[in-house]
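Visitor: Let me give you the structure first, and then I'll get to my questions.
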Amino acid sequence: MSKQILSAHFGNPDAYKLDTYVELGGYRSLEKLFKTDPGDVIENVKQSGLRGRGGAGFSAGMKWSFVPKDVDKPKYLCINADEGEPGTFKDRKILVLDPHRLIEGAVICCYAVGIHTAYIYIRGEYDTPIRRFQGAIDEAYANGYLGKNIKGSGFDLDIYIHRGAGAYICGEETGLIESVEGKKGQPRPKPPFPAVIGLFNCPTVVNNVETLSNLPYIINEGWEAYAALGSEKSKGTMLFSISGEVQRPGVYEQEFGVNLWDFIEGATGGMKDGKTLKAVVPGGSSSPVLTAEEARNTILDYESIAAAGSMLGSGAIMVLSEDVCMAKALKVITRFYAHESCGQCPPCREGTFWLARIADRIERGEGQPEDLDLILDICPYMMGMTVCVLADAIAMPAKSYIEKFRGEFEQHINEKRCPYTDEAAGSAAG
Ligand SMILES: Cc1cc2nc3c(=O)[nH]c(=O)nc-3n(C[C@H](O)[C@H](O)[C@H](O)COP(=O)(O)O)c2cc1C
C-alpha cells in the first residue's frame, strides 16, 4: 500500500470543513513555517524533490527561487486549477474533499516567496469545486488562516477565485495569466518567464493545485521524509486519474517507482469484462501512447516513462482495450486540439487542423495510403515551433499512434471502412 499524502482525507466526508481539517492535524505546519526563514523554506522544498504536477514536472522549489527577492512590485501566486488536460480529474478531488490542504499549501508557498495575493484559476465548469473552495476560503478568513496577520505571524495573504470560461489553452501558465488579466487567453513568449514578468507584469509563481497540496506534509514531516518516498529523481507520491476500460476508474495516489501496469491493475481491479489490454496513455491526451507490452514493462516515474518514449504529464492514465479503434482515438484527440488551438502560431493553427482533417478521413474509411506518412511529415513542423507547447501536445501523440498502431490505420485505408464498425466508407458516424 502506497503512502497517502494527498488523498489521506478523501474518505472522510467532513474533511472539507475547517473544524474537521484542524482536528485531523490541518494547518499544523503554519506554526513551524512562521518560525522558519522564507529562504530556508524554498531550500527545503527544493531538497524535497517536489516537482510540478500540472504537466511539466519542474522542480517547485527551483521555480520559486527564480522569483527576484528585492523588487518594489507586488508578487503573485496563480494556482492552476484549470484541469483541462483530457483524462485529468484529480485537482477537483482536492478542491471538493480537502480544500484547506490547498489553502495551507498556498500560505506556505506565498510566505516562502513573499507573496500577499493569490488567484486560483478554476475551470468554469467546476461548479461544485468552486463553491466548496469559496466556502473553505471564507472559513479560513473567519478563523485567521487567511487575511491580515495570519495567526499572529504578521504575514498577510488574500486568495481570490477566478473562474475560467472553458478554454484548454488557459491552463497554459501564460495563457492563464492573460486570462486572469481579463484578456483573451493567448500564451506569451518565454522568456521572460512568469517568475520574473508574470501577472500584471509582476513576478508570479504558477503552480498546480496538487503541487501546492504537498507542501503541508513537507513542512510538517521535513523534506527528508518526502525525499525518502519514490524513486531516485521522482520523489513522493502522485495522484493518478485512471479512466477507460478498467473495473474501477478513479483517482488513486501512488508512490513513484512501482511497475505501471501492476499499479493500474492493483488499484482498479484490472480490465473490465475480461477485455484484453491494447494500450495505455500514461499522462493525459498529450502524452504518446504506450503499447500493452510497454505498459507492462515500464516503471511509474518521470524518467522511466520518458525512457519508454512518453511522459507522465498530469498523471491521467487512460486504459484502452482491444475494442478501441486507434484511428477513432486519434480522430477524437486531434479534433480536440484543433478546436483548442488559440490560433496565434501558424504551425499550431494549421497543423492541428490538418491532423484533425486527415485523422477524420482515415477513420471514415476515406484515407489515402500516403496519409500516414503525411501525418508523420507534418508532426516535426509542429514541434518546438510555437509560443507554447499545445502543438507539440498533439504532434507527439499523433506520431506515436501512427508508429505503434500503423497496421490498424492501414486496415482502415485498405478496407475503406472502420473495422471496428460494420459501416462502409462514407457512412460511418463522425
Ligand atoms: C496547452 C496547455 C495546457 C495546460 N493545462 C494545464 C492545466 O489545466 N492545469 C495545470 O496545472 N497545468 C497545465 N498546464 C501546465 C502549465 O503551463 C504549468 O506548467 C503548470 O501550471 C505549472 O505548475 P506546476 O509546476 O505546479 O506543475 C498546461 C500547459 C499547456 C501547454
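Visitor: Is there a residue in segment 206-223 that is closer than 25 Å to E340 by Cβ, among the charged types (D, E, K, R), outside any strand (DSSP E or B) and more than 16 Å from the ligand (Cβ to nearest atom)?
Guide: Scanning segment 206-223 turns up no residue that is closer than 25 Å to E340 by Cβ, among the charged types (D, E, K, R), outside any strand (DSSP E or B) and more than 16 Å from the ligand (Cβ to nearest atom).
Visitor: While we're here: For segment 22-75, which positions are at positive phi and either within 11 Å of the ligand (Cβ to nearest atom) or not assigned by TED's automatic domain parsing to the domain that holds T204 (or both)?
Guide: Narrowing segment 22-75 to residues at positive phi: 25, 27, 49, 55, 57.
G55, G57, listed by residue number.
Table: residues versus (1) in contact (Cβ under 8 Å) with a residue 60 or more places away in the chain; (2) surrounded by fewer than 23 Cβ atoms within 10 Å (Cβ to Cβ); (3) in a loop (DSSP other than H, G, I, E, B); (4) touching a helix residue (DSSP H, G or I) at 6+ places or on another chain (Cβ under 7 Å).
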| position | (1), (2), (3), (4) |
| --- | --- |
| G367 | no, no, yes, yes |
| D377 | no, yes, no, no |
| P380 | no, yes, no, no |
| I394 | yes, no, no, yes |
| A398 | yes, no, no, yes |
| G407 | no, yes, no, no |
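Visitor: Right, something else. Inside segment 60-109, can you point out the residues that are over 17 Å from S48 (Cβ atoms) and of a type in the set (K, R)?
Guide: K69, K73, K75, K90, R92, K93
Visitor: Of the residues F193, F200, which single one is among the aromatic types (F, W, Y) and in a loop (DSSP other than H, G, I, E, B)?
Guide: Only one candidate qualifies: F193.
Visitor: If G105 satisfies every condition in (1) within 12 Å of the ligand (Cβ to nearest atom); (2) closer than 18 Å to G198 by Cα; (3) over 15 Å from the mean Cα position of the chain (by Cα); (4) of a type in the set (G, A, S) but one, which is the exception?
Guide: Only one criterion in (1) within 12 Å of the ligand (Cβ to nearest atom); (2) closer than 18 Å to G198 by Cα; (3) over 15 Å from the mean Cα position of the chain (by Cα); (4) of a type in the set (G, A, S) is unmet by G105, namely (2).
Visitor: Six or more apart or on different chains, Cβ atoms under 6 Å: show the pairs whose first residue is in segment 330-347 and crowded, with 16+ Cβ neighbours inside 10 Å and whose second is part of a helix (DSSP H, G or I) and acidic (D, E).
Guide: Close Cβ pairs (under 6 Å, with a partner that is part of a helix (DSSP H, G or I) and acidic (D, E)) amount to K331/D360; K331/E363.
Visitor: Next question. If you check G198 against the conditions, is it in contact (Cβ under 8 Å) with a residue 24 or more places away in the chain, under 19 Å from D82 (Cβ atoms) and within 10 Å of the ligand (Cβ to nearest atom)? Let's see the steps before the verdict.
Guide: On the way: in contact (Cβ under 8 Å) with a residue 24 or more places away in the chain: yes; under 19 Å from D82 (Cβ atoms): yes; within 10 Å of the ligand (Cβ to nearest atom): no.
So G198 fails the test.
Visitor: Right, here's the next one. In segment 9-33, what residues are buried (at least 16 other Cβ atoms within 10 Å of the Cβ) and in contact (Cβ under 8 Å) with a residue 60 or more places away in the chain?
Guide: H9, F10, A15, Y16, K17, L18, Y21, G26, Y27, S29, L30, L33
Visitor: Across segment 145-180, what is the total count of residues that are away from the ligand (no atom under 16 Å from the Cβ), part of a loop (DSSP other than H, G, I, E, B) and not aliphatic (A, V, I, L, M)? Can you show your working first?
Guide: Just the residues of segment 145-180 that are away from the ligand (no atom under 16 Å from the Cβ), to begin with: 145-160.
Then keep just the ones that are part of a loop (DSSP other than H, G, I, E, B); that gives 145-146, 148-149, 153-156.
Narrowing the set further to residues that are not aliphatic (A, V, I, L, M) leaves 145, 148-149, 153-156.
Qualifying residue count, segment 145-180: 7.
Visitor: State which residue is farthest from I130 (Cα to Cα) when the search covers only segment 1-25 and only residues that are in a loop (DSSP other than H, G, I, E, B) and charged (D, E, K, R).
Guide: K3
Visitor: Can we say G313 is of a type outside the set (D, E) and in contact with a Ser or Thr (Cβ under 7 Å, 6 or more places away or on another chain)? Before you say what the answer is, go through the steps one by one.
Guide: Details: of a type outside the set (D, E): yes; in contact with a Ser or Thr (Cβ under 7 Å, 6 or more places away or on another chain): yes.
Yes: the conditions hold for G313.
Visitor: Another question, then. Would you check which residues across segment 176-188 are of a type outside the set (S, T, Y) and over 15 Å from the mean Cα position of the chain (by Cα) and list them?
Guide: I177, E178, V180, E181, G182, K183, K184, G185, Q186, P187, R188
Visitor: In addition: Looking at G164, is it touching a strand residue (DSSP E or B) at 6+ places or on another chain (Cβ under 8 Å), without any contact (Cβ under 8 Å) to a residue 24 or more places away in the chain and not assigned by TED's automatic domain parsing to the domain that holds E340?
Guide: It is false that G164 is touching a strand residue (DSSP E or B) at 6+ places or on another chain (Cβ under 8 Å), without any contact (Cβ under 8 Å) to a residue 24 or more places away in the chain and not assigned by TED's automatic domain parsing to the domain that holds E340.
The values are calculated or read from the model by the stated rules, or taken from the named source; none is laboratory data. Bear in mind the structure is a predicted one, so any value in this text is a computation, not a measurement. Virtual Cβ from ideal backbone geometry, glycine too; neighbours counted across all protein chains shown.
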